[in-house]
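Note sheet for the following structure.
The values are calculated or read from the model by the stated rules, or taken from the named source; none is laboratory data. These numbers come from a predicted model, not from an experiment. Ideal geometry is used to build each Cβ from the backbone, glycine not excepted, and the neighbour counts take in all protein chains shown. Just the protein is used for accessible areas: all its heavy atoms, side chains included, with ligands, DNA and RNA removed. Shrake-Rupley method; radii C 1.70, N 1.55, O 1.52, S 1.80 Å.
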Amino acid sequence: MSSDIAPDTIDAFFARLGNTAENLPKRLKQFADFIAANPDRVAVSTVAELAQGADVQPSAVMRFCQEMGFSGFSQMQRLFRSSYSQKWPDYSTRLEKLREHGTESPSALLAEFVEVGRASLENLMATVEPRALQQAVDVLARAETLHLVGFRRAFPVTSYLAYAFEKMDVPAVLHSGIANINMDHLIKPNDAVIAVTFAPYTQMTLDIAEKARETGADIVAITDVVTSPLARFKTIQLLVSELDVGAFRALSASLSLAIALAVSVGAQRNKVT
């Protein structure tokens, strides 16, 4: 249900979006997912451009604005322009030039991946909320055992976390899915789960997160948008938006977040002991 009062900050906007996304009609939720993954585009795009990017009708964009409490698109765009004008560098032009003037050579592809990696890393400072990051570290530092859950593209992230925690003597279990062995029965109420998944979301990760919530374990989610299916399990969300080269996405920002999280947890646990 829409609110009569529009959010006055980006944080308030995404907090409202996270609370209402599951109840939105299909097309409005589709647009909400697009906005959550591409917040920088709102400040510089027209209604038609955003509708095309999200593959919805312009009328869906207008309904979404009203659902979020705005009088129209212009009011919502003003909020994003004031907040993101200094945060989000315009890398799209550079990438277009690379694609126009580059070749399919390995060095040209390397240049593209370096560029999107740099953009993803800079965006990370805007997508990860410092208070949520500190809350995640606090939860993970006091847990008895950490369970690392992430498959497909997310598996390198959880694999690194398993390696880092082992080096710091932090009890951790890597749920690898090898041989289809399910280890969710190992999750106890005093444990914590780091669940990592990005669109298209992996069902096995969602299933383990659901089991962990039923068990009473805390869950820290590394995911891409506030409307991620992990949100329904009352997770602490750390959001990462990775840009892509064609259909291939690197993990520059995701791994940087994992490194920071692991080191912070290791340091805090060592301080406690």
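Charge dipole of segment 172-273 (Cα centre as origin; +1 on each Lys and Arg Cβ, -1 on each Asp and Glu Cβ, all else neutral): 300 debye, rounded to the nearest 20.
Label-to-label distance, Arg232 versus Gln52, with points set 7 angstrom from Cα along the beta-carbon direction: 3.4 nm. Comparing Cα centroids, segment 125-173 and segment 32-79 end up 33 angstrom apart. Ligands, DNA and RNA excluded, the heavy atoms of Glu122 present near 80 Å² of accessible surface to a 1.4 Å solvent probe. Measuring only protein heavy atoms, the 1.4 Å probe finds Lys211 accessible over about 70 Å². When the chain is treated as a GNM with alpha-carbon contacts under 10 Å, the residue of Pro39, Pro106, Pro189 showing the greatest mean-square fluctuation is Pro106.
For the residues Ile236, Ile194, Ile259, a 1.4 Å probe over the protein chains yields an accessible-area ranking, largest first, of Ile259, Ile236, Ile194.
Applying the Karplus relation 6.51 cos²θ - 1.76 cosθ + 1.60 with θ = phi - 60° to segment 41-55 yields 3J(HN,Hα) values of 6, 4, 5, 10, 10, 8, 4, 5, 5, 5, 4, 5, x, 8, 6 Hz, where x marks Gly and Pro. Of (1) 17.6; (2) 13.8; (3) 15.9, which one was derived for mean projected area of the Cα convex hull in nm² from the structure shown? Read-out from the structure maps to (3).
Counting only DSSP beta bridges whose two residues both lie in the chain, roughly 10 percent are antiparallel.
If the chain linking Met168 and Ala132 were pulled fully straight, counting 0.36 nm for each residue of separation and taking away their Cα-Cα distance, it would gain 10.7 nm. Taking each DSSP H run with n ≥ 4 as -39500 (n - 2.57) and averaging over every residue of the chain yields -17500 deg cm²/dmol at 222 nm. Tell me which residues come under 5 Å, amide H to amide H, from His147 once H is placed; ignore anything under 5 positions away on its chain. It is Val173, Ala192, Val193, Ile194, by chain and number.
About the Cα centre of segment 121-233, what is the dipole size in debye to 20, counting +1 per Lys and Arg Cβ and -1 per Asp and Glu Cβ, all else neutral? All intermediate terms of the calculation are to be shown ahead of the outcome.
Working: 9 positive and 13 negative charges, 29 e Å.
In total the dipole reaches around 140 debye.
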